[in-house]
Amino acid sequence: MVDVGGGTGIWRGLWAPNCRYVCLDIEMPKLRGFRSKVPDGFAVLSDATRMPITDASVDVVMCIAVVHHLTDTMLDQVFGEALRVLKQGGHLILLDPVLNRQRLAGRILWRLDRGSYPRTDGYLREKLESRFKIVHWEKFAVYHEYVFGIGVRS
């Protein structure tokens with residue numbers, strides 16, 4: 001499984017110990033943090049728009065709290081790369097905050113967030129649906145509103 005924007009590997013614990021977990025990030029300090037916790041872990045310094053991963057070699061690509069940092073072009077490239085590296089039937093897991101102008105807390109948080117590309121849930125669903133078969137889609141809110149979607153490479 002490839003954790004796009006995996007940072008320090010906070011989500012590693014979601015996966016079985018024998019799972020080949022690849023932490024992919026563009027920031028070396030975050031990958032060093034991952035390696036300090038998981039000395040034998042796979043840390044890959046890379047841009048997710050050009051993953052150095054073999055075609056059709058991965059069962060799961062996970063993208064948590066990343067896409068609101070990407071331009072529309074980069075978002076298309078990341079989804080394209082996920083499609084390329086996933087095996088037939090592989091899953092893309094997407095979890096990201098979305099823009100809902102009705103939520104005061106969310107509007108305040110968007111002003112503070114380093115992510116410059118807030119999108120609506122409808123926009124993200126449309127982008128995901130253009131490349132993957134969506135098998136799960138839901139919204140929930142804490143302060144931000146979020147979407148949790150799972151797409152399958154068919």
Open item on the list: Give me the one-decimal nm value for the distance between modelled label points at Leu14 and Trp137, 7 Å along each residue's Cα-to-Cβ direction.
Closed with: 1.9 nm
Open item on the list: Could you work out how much longer the chain between Arg50 and Ala105 gets when fully extended? Use 0.36 nm per residue separation minus the Cα distance between them, nm to one decimal.
Closed with: 16.3 nm
Task: Label-to-label distance, nm, for residues given as Asp76 and Ser57 (7 Å Cα→Cβ offset) - done: 2.7 nm
Task: Net charge of Cβ neighbours under 11 Å - reference Arg131; Lys, Arg +1; Asp, Glu -1 - done: 0
TODO: Take every DSSP beta bridge whose two residues both sit in the range 22-154, then give the antiparallel share in percent to the nearest 5.
DONE: 60 percent
TODO: Just the number, please: Stokes-Einstein D of the chain in µm²/s, Kirkwood Rh from C-alpha pairs, 20 °C, 1.002 mPa s.
DONE: 135 µm²/s
Task: Rounded if a/c under 1.5, otherwise prolate or oblate - the range 1-70, Cα gyration tensor axes - done: rounded
TODO: Could you work out which residue, out of Val38, Val85, Val60, moves most in a Gaussian network model of the chain, that is, has the largest mean-square fluctuation with Cα springs under 10 Å?
DONE: Val38
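Readers should treat all values here as calculations from the given coordinates under stated rules, not as data from a laboratory. Fair warning: this is a prediction, and the values are worked out from it, not measured in the lab. Using ideal geometry, Cβ is built from the backbone for each residue, glycine included, and neighbour counts are taken over all protein chains shown.
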